[in-house]
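Peer 1: Structure incoming, see below.
Computed from the coordinates by the stated procedures, all read-outs in this text should not be read as laboratory data. Predicted, not measured: the structure shown is a model, and the values here were computed from it. Every residue, glycine as well, gets a Cβ built from its backbone with ideal geometry; the counts of neighbours run over all protein chains shown.
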Amino acid sequence: MNKIKQKKVIALVAHDHRKKDMMEWVAYNWKELVPHTLMCTGTTGKLVQETIHEKCAENEIIPPDVVRLKSGPLGGDQQLGAFISEGKVDMLIFFWDPMQPQPHDVDVKALLRISTLYNIPVATNRSTADFIISSKLFHQQYAPIIKDYSSYIMRDVKM
């Protein structure tokens, strides 16, 4: 059973039309994010790193690690999904844009599916992200219940 550690790996993803919202959210919540490792796709990672480093510099605090993956449409969503399936990501904050068609919609759906499959907290909008980050569970270790898929893996497949 994977445990969500007290020091978490938080994935931050934002579609182009939601990057401004994400940076405002990061700037507002930077103190809550500093103790954790942040993992981001593409440009979101660059912007998160700049935003959080600026806030930390102003307050003379060491910034958190920001792991930058590829851009979502270039495979970053799939990289992130792999990290989730390996138990290396504890939660996903994904400000997606429901009003814009995405060239990688299938990757977005797969990322949300794998997050649900592995039962990690997911926020797809600012309100839910606020609820997650303000939860008392955010600041402690947590053991989510992971469904046992061994019977699916061991099923008899006829050829």
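Peer 1: Counting other C-beta atoms within 10 Å, and keeping those with at most 14, which DSSP coil GluC sites (Glu not before Pro) do you find in segment 47-154?
Peer 2: Working: sites: 50, 54, 58, 60, 86; in loops: 60, 86.
Sites meeting the loop and neighbour criteria: 60, 86.
Peer 1: For the chain, divide the Cα radius of gyration by the Kirkwood radius and give the resulting Rg/Rh value with two decimals. Before the final figure, lay out the partial values.
Peer 2: Values: Rg = 16.3 Å, Rh = 16.3 Å.
Taking Rh as the inverse mean 1/r over Cα pairs, Rg/Rh reads 1.00.
Peer 1: Rounded to the nearest 500, what is the chain's calculated 222 nm mean residue ellipticity when only DSSP H runs of at least 4 contribute -39500 (n - 2.57) each, over all residues?
Peer 2: Computed mean residue ellipticity for the chain: -13000 deg cm²/dmol.
Peer 1: Follow-up question, since we're still on this one. List the longest stretch of the chain that has no exposed loop site; here a site is one of the trypsin sites (Lys or Arg not before Pro) assigned by DSSP to anything other than H, G, I, E or B, with at most 13 other Cβ within 10 Å. The partial results should precede the final answer.
Peer 2: Details: sites that count: 3, 5, 7, 147, 155, 158.
Segment 8-146 is the longest.
Peer 1: Points 7 angstrom from Cα along the Cβ direction at residue 134 and residue 43: gap in nanometres?
Peer 2: So the label points at residue 134 and residue 43 sit 3.0 nm apart.
Peer 1: Among 30, 110, 45, whose Cα sits farthest toward the positive end of the charge dipole of the chain (+1 at Cβ of Lys/Arg, -1 at Cβ of Asp/Glu, about the Cα centre)?
Peer 2: Farthest towards the positive pole: 110.
Peer 1: Along Cα→Cβ, 7 Å out, is where each label goes; now give me the distance between the ones at residue 20 and residue 86 in nm to one decimal.
Peer 2: 3.6 nm
Peer 1: Moving on. What full-extension length gain, to one decimal in nm, is calculated for residue 5 and residue 97 as 0.36 nm per residue of separation minus the Cα-Cα distance?
Peer 2: Between residue 5 and residue 97, full extension yields 30.2 nm more.
Peer 1: To continue, here is another question. So, R0 is 22 Å and r is the distance between the beta-carbons of residue 32 and residue 148; what FRET efficiency does that work out to, to 0.05?
Peer 2: My answer for the efficiency is 0.10.
Peer 1: Rounded to the nearest 20 Debye, what is the dipole magnitude of the chain about its Cα centre when Lys and Arg each give +1 and Asp and Glu each give -1 at the C-beta?
Peer 2: Details: 20 positive and 18 negative charges, 96 e Å.
Magnitude of the dipole: close to 460 debye.
Peer 1: Tell me the label-point distance for the pair residue 155, residue 109, using the 7 Å Cα-to-Cβ offset, in nm and rounded to one decimal.
Peer 2: 1.9 nm
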